[in-house]
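The values are calculated or read from the model by the stated rules, or taken from the named source; none is laboratory data. Quick caveat: nothing in here was measured; it's all calculated off a predicted structure. Don't worry about glycine lacking a Cβ; one is built from the backbone with ideal geometry, like all the others, and counts go over all protein chains shown. These area figures cover heavy atoms from the full protein model, side chains too; ligands, DNA and RNA do not enter into them. Shrake-Rupley method; radii C 1.70, N 1.55, O 1.52, S 1.80 Å.
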Amino acid sequence: MHYDELLSRAIARASCRGSIRQAAAKIGIRDTYLGQLVKWRETGKFPSDDVLFKIAELAGEDKIKSHFATMAAKIENEEISAAYEALAS
């Protein structure tokens, strides 16, 4: 699983239209903050563990694998990122 897939799945499951606003409300965060998480390549923003676990629950994903997927996106070292990505699969 990739971090982008996790966020997309959570947003898609929040509503039939894939609304960031509805997903944010279900997670308990502002929609602008969720938008920053979705645009992580531009913003450098990642969720806290508490928020990540809510995103994972909404997406129907394992919270540990979701954590590894997030770490894979955060880490700039390609070798370490690949290792985290393998743990997220």
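Some points to look at:
- Around the Cα centre of the chain, unit charges on the Cβ atoms of Lys, Arg, Asp and Glu (plus for the first two, minus for the last two) sum to a dipole of about 540 debye.
- Of all lysines in the structure, the ones whose alpha carbon falls short of 17 Å from that of residue 63, not counting any fewer than 8 places away in one chain, are 26, 54, 74.
- Built amide H within the under 5 Å cut-off of residue 61, gap 5+: none
- Per-residue ellipticity at 222 nm computed for the chain from its helices equals -21500 deg cm²/dmol, with DSSP H segments shorter than 4 residues left out and the rest contributing -39,500 (n - 2.57).
- Annotation for residue 64 and residue 87: the two label points, set 7 Å from Cα along the Cα-Cβ direction, are 1.0 nm apart.
- Translational diffusion coefficient (Stokes-Einstein; Kirkwood radius from C-alpha pairs) of the chain at 37 °C, 0.692 mPa s, in µm²/s: 257 µm²/s
- Fully extending the segment from residue 53 to residue 5 would add 15.8 nm, taking 0.36 nm per residue of separation and subtracting the current Cα-Cα distance.
- Ligands, DNA and RNA aside, residue 85 has an accessible area near 40 Å² when probed at 1.4 Å.
- Computing FRET efficiency as 1/(1 + (r/R0)^6) for residue 75 and residue 13, where r is the C-beta to C-beta distance and R0 is 22 Å, gives about 0.25.
- Positive dipole terminus of segment 25-89, leading residue within 28, 73, 47 (C-beta point charges): 28
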